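Please read the structure below before turning to the comments.
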Amino acid sequence: MVTKSLRLTGKWHYLPLGLRCQGATCAGTVKVVLLTTYRRGAADKTKVQPKDLVAAAASYRLAAGRAEVLRVGATSAGWALLDRATRAKPIYATVVASVKGGKQFTALLVLT
């Protein structure tokens, strides 16, 4: 992962996410995951449950030793949450990059 923080700008529903491939050719998927809460149960016995929400996802293919900025497309539910991020109230997300062959890399990302 090259990117440590992002600023959402414009009307496009993409996140510019920097990724670097080390060693051999890399191919896989990238997901931006937010931890949200939802209410469950009857009105008098409501419980707040944590839930992972995939805010954006994309597939990628990079040559060995290359770094690129990926355009990770946001989902509609993810964009509704990501659009609220400001410098005063940033949103913290987890980026999960999966490489074909089984390895997964995670990183914390600050969205402003």
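We did not get these values from a lab; they are worked out from the coordinates using the rules stated. Note that this is a predicted model, so its numbers are computed, not measured. A quick note on method: Cβ atoms are made from the backbone with ideal geometry, for glycine too, and the neighbour counts reach across all protein chains shown.
Structural remarks
- Distance between the 7 Å Cα→Cβ label points at residue 75 and residue 63: 3.4 nm.
- Rounded, prolate or oblate (a/c below 1.5 giving rounded, otherwise prolate when a/b exceeds b/c) for the stretch 71-110 by Cα gyration tensor: oblate
- A simple packing score, the average count of other Cβ atoms within 10 Å per residue, orders the peptides 104-112, 27-35 as 27-35, 104-112, with the highest score first.
- Here the gap between residue 94 and residue 52, fully extended at 0.36 nm per residue and compared with their Cα-Cα distance, gives a gain of 14.1 nm.
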